[in-house]
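The values are calculated or read from the model by the stated rules, or taken from the named source; none is laboratory data. What you see is a predicted model; the values in this text were computed from it and never measured. Using ideal geometry, Cβ is built from the backbone for each residue, glycine included, and neighbour counts are taken over all protein chains shown. To get the accessible areas, we keep the full protein, side chains included, count just its heavy atoms, and leave off ligands, DNA and RNA. Shrake-Rupley method; radii C 1.70, N 1.55, O 1.52, S 1.80 Å.
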Amino acid sequence: MIDLRSDTLTVPDEAMRAAMASAPVGDDVYAEDPSISALERRTADLLGHQAGLFCATGSLSNVLGVAMLVQPGQEVLCDVDAHIARAELGAHGALSGVTMRTWGSSRGVTDLATIETMLAPDAGPYLVSTAAVALENTHNFGGGTIQPLEHLQAVHRLCRDAGVRLHLDGARLWNAHVATGTPLADYGRLFDTVSVCFSKGLGAPVGSMLLSDAETIARARVLRKRMGGGWRQAGLLAAAADHALTHNLDRLADDHAAARTLAEAVAERAPEAVDLDLVQTNIVVLSTGRRPALDVALAAAEQGIVVSALGRHMIRAVTWRGVDRDRCRRAGEILAGLLSDPAG
């Protein structure tokens, strides 16, 4: 079985387990877990922010980050395929009273004029006011798309001038950093709140981080507890995340190379199914043409290849540490055979 559903399938190796076992711990609700505190400081420094808040999931850190910027009844603008809009089960509306308006894009990247047209920071008593814009880097459903730094800088200037705040869903920001060489802080400083994830390609079993200024993080800590997200001796998990940052960040380039290998194998027999120019990191999005994506995914599973059907005619393969380039090449060959056969 070659499982390419997600890079969340990573599991701790023995070195990471040893780091977890030896981690000093305390009660984090009392802010007394030294391993968590150290990870929060380290990650904040990396992202160019004052403080961090260790959270169980990326969805939680996104909900907290947006809630710090948007009051109930206000709106956040984002891409139509943004994770916060499509894959967090309506949490922002259900838990924070936040509304959303979305824009269309090309694989997760939109033009500045579209965002500028939608901004309504002071909409008066009859319309919803825009409090924040949320961007995603890399863009999951866009196919691991990297948001160009120049675009992010332009959005930053636009929102700053309009008095609108910015949130970054950076679950896979590590991948953008490794692929481009752009310092993490150059990304992070452009945003008021940033969420990053340790449990995807980096390989930690659990954990994400919300970054912002110290006052915002203090407020987010209260809301995290109110939502049931406070935890006790979670330094065991923080130690895994810290180990991942130290040992697994640079190796994300291997996942990118594996994704390219898979995409090239598909392109050899089914060139219409994949655009190689859009395979930028560790996610490969494939068009199934007229065939339903679910049918292709089920047929692939019968041959030992597990992928995700994310639309009527789109499947996604995500590379990760447990699947090397040779296996990704084999997966690409099998998927190519399915995608090149219009009869199924």
Suppose we filter the range 114-137 for residues that are open to solvent by 60 Å² or more (accessible area, probe 1.4 Å) and either closer than 21 Å to Gly311 by Cα or part of a helix (DSSP H, G or I) (or both); how many remain?
2
Taking the criterion of being assigned to a helix (DSSP H, G or I), open to solvent by less than 20 Å² (accessible area, probe 1.4 Å), over 24 Å from Arg17 (Cβ atoms) and out of contact with any helix residue (DSSP H, G or I) (no Cβ under 7 Å at 6 or more places or on another chain), would at least one residue in the range 302-310 satisfy it?
no
Only listed residue being of a type outside the set (A, V, I, L, M), open to solvent by less than 40 Å² (accessible area, probe 1.4 Å) and within 17 Å of the chain's Cα centre (by Cα), chosen from Ser61, Ser96, Ser37:
Ser61
Do we find a residue being open to solvent by 20 Å² or more (accessible area, probe 1.4 Å), outside the structural domain of Gly163 (by the TED database), in a helix (DSSP H, G or I) and closer than 30 Å to Arg330 by Cβ anywhere in the range 1-13?
yes
Take the range 315-340 and flag every residue that is of a type in the set (A, V, I, L, M, F, W, C), within 28 Å of Leu249 (Cβ to Cβ) and assigned to a helix (DSSP H, G or I).
Cys328, Ala331
Of all the residues that make up the range 233-254, how many are more than 17 Å from Ala176 (Cα to Cα) and open to solvent by less than 20 Å² (accessible area, probe 1.4 Å)?
6
Considering the range 37-63 alone, what residues qualify as being among the aliphatic types (A, V, I, L, M), under 20 Å from Leu184 (Cβ atoms) and part of a helix (DSSP H, G or I)?
Ala38, Leu39, Ala44, Leu46, Leu47
Close pairs from the range 283-299: first not assigned by the TED database to the domain that holds Leu173 and open to solvent by less than 20 Å² (accessible area, probe 1.4 Å), partner in a helix (DSSP H, G or I) and small (Gly, Ala, Ser), Cβ under 6 Å, at least 6 apart
Val284/Ala259; Val284/Ala263; Leu286/Ala273
Would it be correct to say that Ala263 is open to solvent by less than 10 Å² (accessible area, probe 1.4 Å), small (Gly, Ala, Ser), in contact (Cβ under 8 Å) with a residue 24 or more places away in the chain and under 27 Å from Ser287 (Cβ atoms)?
yes
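Among the listed residues Arg224, Arg189, identify the single one that is open to solvent by 20 Å² or more (accessible area, probe 1.4 Å) and more than 18 Å from Cys78 (Cα to Cα).
Exactly one residue qualifies, and that residue is Arg189.
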So Gly230 clears everything in (1) in a helix (DSSP H, G or I); (2) open to solvent by 20 Å² or more (accessible area, probe 1.4 Å) except one condition, right? Which one?
(1)
Return only the number of the condition from (1) in the same structural domain as Ala179 (by the TED database); (2) surrounded by fewer than 18 Cβ atoms within 10 Å (Cβ to Cβ) that Ala257 does not satisfy.
(1)
